Amino acid sequence: MNKIVANADEALKDVMDNATIMLGGFGLCGIPENSIAALVKKGVKGLTCISNNAGVDDFGIGLMLKTRQVKKMISSYVGENAEFERQLLSGELEVELIPQGTLATRCLAAGYGMPAIFTPAGVGTEVAIGKETRKFMVDGAEKEFLMEMAFDADFAIVKAWKGDAHGNLIFRETARNFNPMMAMAGKITIAEVEELVPAGELDPDQIHTPGIYVHRIFKGEKYEKRIEQRTVRKK
Amino acid sequence: MLDKVGIAKRIAKEIKDGYYVNLGIGIPTLVANYIPMGMNVVLQSENGLLGMGPFPFEGEEDADLINAGKQTITTVPGSSFFDSAMSFGMIRSRKVDLTILGAMEVADNGDIANWKIPGKMVKGMGGAMDLVASAKNIIVAMQHVNKANESKLLTQCTLPLTGVKCVKKIVTELAVLDVTPEGFKLLERAPGISVEQIKNATEGKLIIEGEIPEMKIE
C-alpha cells in the first residue's frame, strides 16, 4: 500500500477541464497551497470549486480566479476578494452560497455514503427555495428541515499536517476544518502534507482520516501558510 | 446611549457560569473581554475550536490557529479542536448554550436578517444560518436605528432572512428587549434614554409594562 506520489503535478495529473473539485481550508488556514499552485500551472479551466471560502486576491483560490480557471464557486463566505467580486458582478463567475454547516455536512454525507441530510439551516430563507422540506419532532415540538444532497465531487484536495504512505492523515489545530470531511468525499482524494512518513510511524490512535479515503499523498514543496488577519497583543 | 463596548458589556451580563458560547463577528467578539473573572465559560469558534483564548503575543502568532473571523488567536487550558462537521453538529444538537450575533434587522416575531443586502455584493451567510436555525438561546447585538434614523426593529424584515422566529433577546444602543410571542418587550433603557425615545425608534410591536429601569453597566 503505497500512495506516495512525487509532487503536486503528478498527484493532479488527471484533473481535467470542467472537473468538480473540493478544496479544504477555512480562509487561508489549512488550504492545499501546493496543489493550488500546481492547478494554476496546469491551466485546467471550467472548474467547479467546493470550498468554504474563495481565498484572497493573490493567495489560495484567488490565484485560480485571477487566471479565470473557475466557472463556479460553491462556498459559504466569499468576502475578501476583489477579483472575485468583479467576476461575479460581470457574470463571468457563477456562485452558489450555502450555509457553512450545510457545506460541511454535505461533504460528510458523501464520505459516509448517505445520499442526503436534513438540516434546519436556511428554513424560511431563500436557501430553501426549490428544496424538499420535511417536518420532524425535536424536543417535543414539530420542526421543519431542508433536504440537502451529498456532494458529488470528482476530486477532493486536502492539506494535512502529517501523513504516511498509506494515506493516513493527522491535522493540526484549526487547520483541520473542512479537510477531513472533504478527504472522505472525493471520488479521488489527493492529500498534501507538511511531513510525510513511512507507514507505521504515526500512532494509529492519533489518525484523524484513515488512509482508505486517500488515493494520493505527497509532501508539499513549501508552505507559506499566510495569515489573513494578524491580531496580536503586546507582551 | 451605549457605544459598542457598552453593548458588549451589557450582553456579557447574560452569560452564566458553565456556558458554552458562540460569538459572532463584530460587537459579539468584544463580549469576550467582559466575561466576569472567575466565571467558567468556554468559547466556541465554529471553524473548529472549543476554548478560544485571547489574541497571541506579538511574534507568537500561529497560522494554523485562527477564529471564525480569520484572526490569529490562542487556546485556553481544556480546549479541543475538531472538524467543521462536528462543529456544526454540536451547534445543531443544541450543545452550545448561547449564540451572540449581529443583525441588520430583527422582526417582532424573532425573524433575523443579517447576511444580504439586495443590490450590494453578497459575501455569504457563513455559519449564521446554521447558528440561528439551531441555537437554543440567541442574543442579538445591533443598532436600534440606521444612519437615516429608521428603525431596524421591525414588524417584518425587509431584507432577505437569515432565520425565522429565533431571536430571544436584543441589546441595542438604546435598550434591552426580549422577543416574546406578543412582540418586543422592553426590559431596560440605556443610560440617559427615555421610554419615549425607544418607542420612537421601534417600528415593530413594543410592549411596555410598568416602570422600565435604566441598565446598570460598570
So, in region B:91-110, how many residues would count as being facing chain A (nearest Cβ under 10 Å) and either buried (at least 24 other Cβ atoms within 10 Å of the Cβ) or part of a helix (DSSP H, G or I) (or both)?
2
Looking only at region A:34-87, count how many residues are among the charged types (D, E, K, R), more than 22 Å from B:Val122 (Cβ to Cβ) and either at pLDDT below 95 or within 15 Å of the chain's Cα centre (by Cα) (or both).
1
Return only the number of the condition from (1) within 30 Å of A:Glu228 (Cα to Cα); (2) surrounded by 16 or more Cβ atoms within 10 Å (Cβ to Cβ); (3) away from chain B (no Cβ under 14 Å) that A:His166 does not satisfy.
(1)
Scanning region A:182-222 for residues that are within 14 Å of chain B (Cβ to nearest Cβ) and surrounded by fewer than 14 Cβ atoms within 10 Å (Cβ to Cβ), which turns out modelled with the lowest pLDDT?
A:Lys222
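Looking only at region B:111-134, how many residues end up being within 17 Å of B:Gln44 (Cβ to Cβ) and either in contact with a Phe, Trp or Tyr (Cβ under 7 Å, 6 or more places away or on another chain) or assigned to a loop (DSSP other than H, G, I, E, B) (or both)? It would help to see each step written out before you state the result.
Residues of region B:111-134 within 17 Å of B:Gln44 (Cβ to Cβ): B:126-134.
Subsequent filtering for residues that are either in contact with a Phe, Trp or Tyr (Cβ under 7 Å, 6 or more places away or on another chain) or assigned to a loop (DSSP other than H, G, I, E, B) (or both) retains B:126-128, B:130.
The number of residues fulfilling the criteria is 4.
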Which condition from (1) facing chain B (nearest Cβ under 10 Å); (2) closer than 21 Å to A:Ala153 by Cβ is the one that A:Gly113 breaks?
(1)
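Scan region B:38-59 for residues that are outside any strand (DSSP E or B) and touching a residue at least 12 places away in the same chain (Cβ under 8 Å) and report the count. Quick ask: steps written out before the conclusion?
So in region B:38-59, the residues outside any strand (DSSP E or B) come out as B:38-41, B:46-48, B:54-56, B:58-59.
Now restrict to residues that are touching a residue at least 12 places away in the same chain (Cβ under 8 Å): B:39-41, B:46-48, B:54-56.
Summing the residues that are outside any strand (DSSP E or B) and touching a residue at least 12 places away in the same chain (Cβ under 8 Å) in region B:38-59 gives 9.
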Answer residue from region A:1-33, given it is of a type outside the set (A, V, I, L, M, F, W, C) and within 14 Å of the chain's Cα centre (by Cα) and is surrounded by the most Cβ atoms within 10 Å (Cβ to Cβ) among those
A:Gly24
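Go through region A:207-224 and give me each residue that's in a loop (DSSP other than H, G, I, E, B) and in contact with a strand residue (DSSP E or B) (Cβ under 8 Å, 6 or more places away or on another chain). Walk me through how you get there before you give the answer.
Residues of region A:207-224 that are in a loop (DSSP other than H, G, I, E, B), as a first pass: A:207-208, A:210, A:214-215, A:220-224.
Answer for region A:207-224, where residues must be in a loop (DSSP other than H, G, I, E, B) and in contact with a strand residue (DSSP E or B) (Cβ under 8 Å, 6 or more places away or on another chain): A:Ile207, A:His208, A:Val214, A:His215, A:Gly220, A:Tyr223, A:Glu224.
The values are calculated or read from the model by the stated rules, or taken from the named source; none is laboratory data. None of the values given here were measured: they were computed from a predicted structure. Glycine also receives a Cβ, built like all others from the backbone with ideal geometry; neighbour counts cover every protein chain displayed.
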